[in-house]
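To start, the structure itself, in structure tokens.
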Amino acid sequence: IDALHPAALSAKTSPTLHALMQSGTHTLKGRSVEPPKTLIAHTAMMTGLPPERSGERSNEWRPGEPTIAKSTLFDDAKRAGYRTAFYYSKPKLGYLANAALDAHGLEPAGGVAPVRGFFQGEGMRFAFLHVSGLEWVGADSGWLSQAYLDELSDIDAALAPLFEEVRQRGRYAIVVTSDHAGHDKLHGTHHPEDYKLPLIVAGNATLPRLPQGTWSVTELRALVRQLAR
């Protein structure tokens, strides 16, 4: 969930995510990369590498430009026998689409519907869904403003049927995190609030023990590998 500040999560504002936190494991001490920006942080999630090693530090990409060359968690999932999908609401995240994907696409209005369709298929399936909205509301009304919390409530409600359908598939794991947060009406700066993010892991697989200290987005790839075994 792009731009999700961990302090926004609550039983009132985000009951679906709050229930996921209670049934699984979570930390509100996640940290983004330097700088804490969307494409740079997502590349770190996918590769498990910090920006200085992944090579992605510009936070910009346009269709037609070269896509990621390094191995990603999509490659991991494909090697493990999963069908794979990636839906995103910002064009620049197309940089992360590679040959290991069976389905992918830009979904500016939200990708919940195509992911729900993807999970109707048989066999082991892995999907990465990027959900936007909070960043734009944060920039307009402020992070943790009432408008921001209302947007999170809408996202939370949209995710509820997807999570329920995933639960019905048998063995499953759901991971929810973010790329960065923000402060006032700003993000992507050196302000400590901009680096904050949550991590929620739930499912009927063996769940990992999360650290007591700070969890980094660069650890997401290893976490997904562990859950997919």
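The values are calculated or read from the model by the stated rules, or taken from the named source; none is laboratory data. Computed from a prediction, not measured in an experiment: that's the story for all the values here. Reconstructed Cβ throughout: ideal geometry from the backbone, glycine too, with neighbour counts over all protein chains shown. Note: accessible area is taken over every heavy atom of the protein model, side chains too, but ligands, DNA and RNA are not part of it. Shrake-Rupley method; radii C 1.70, N 1.55, O 1.52, S 1.80 Å.
Observations on the model:
- Positions within the stretch 97-120 being among the charged types (D, E, K, R) and touching a Ser or Thr at 6+ places or on another chain (Cβ under 9 Å), in sequence order: Asp102, Glu107
- Restricting the first member to the stretch 81-102 and to residues that are on the phi < 0 side of the Ramachandran plot, and the second to residues that are basic (Lys, Arg), the beta-carbon pairs closer than 7 Å and six or more apart or on different chains are Tyr82/Arg125; Arg83/Arg125; Thr84/Lys78; Ala100/Lys78; Asp102/Arg83.
- Looking only at residues of the stretch 195-210 that are outside any helix (DSSP H, G or I) and at pLDDT 95 or above, we find that the one that is farthest from Leu152 (Cα to Cα) is Gly203.
- Whenever a residue of the stretch 137-148 is farther than 15 Å from Ser10 by Cα and open to solvent by less than 20 Å² (accessible area, probe 1.4 Å), its partners that are charged (D, E, K, R) and at pLDDT 95 or above, lying with C-beta atoms within less than 6 angstrom and at least six residues away or across chains, give the pairs Gly142/Asp184; Gly142/Lys185.
- Against the test of being open to solvent by 10 Å² or more (accessible area, probe 1.4 Å) and at pLDDT 95 or above, the options Ser71, Ser58 yield a single qualifying residue, Ser71.
- All told, Leu152 meets the bar of being among the hydrophobic types (A, V, I, L, M, F, W, C), out of contact with any Asp or Glu (no Cβ under 8 Å at 6 or more places or on another chain) and in contact (Cβ under 8 Å) with a residue 60 or more places away in the chain.
- Residue in the stretch 163-177 that is over 23 Å from Gly81 (Cα atoms) and buried (at least 17 other Cβ atoms within 10 Å of the Cβ) present: yes
- Qualifying residue in the stretch 66-76 (condition: of a type in the set (D, E, K, R) and within 21 Å of Phe119 (Cβ to Cβ)): yes
- Any hit, the stretch 211-229, residues being in a strand (DSSP E or B) and either at pLDDT 95 or above or open to solvent by less than 40 Å² (accessible area, probe 1.4 Å) (or both): yes
- So Val115, is it part of a loop (DSSP other than H, G, I, E, B), modelled with pLDDT of 95 or more and surrounded by 21 or more Cβ atoms within 10 Å (Cβ to Cβ): no
- Pair list, Cβ under 7 Å, 6 or more apart: the stretch 201-229 residue of a type in the set (D, E, K, R), other residue assigned to a loop (DSSP other than H, G, I, E, B): Arg221/Gly48
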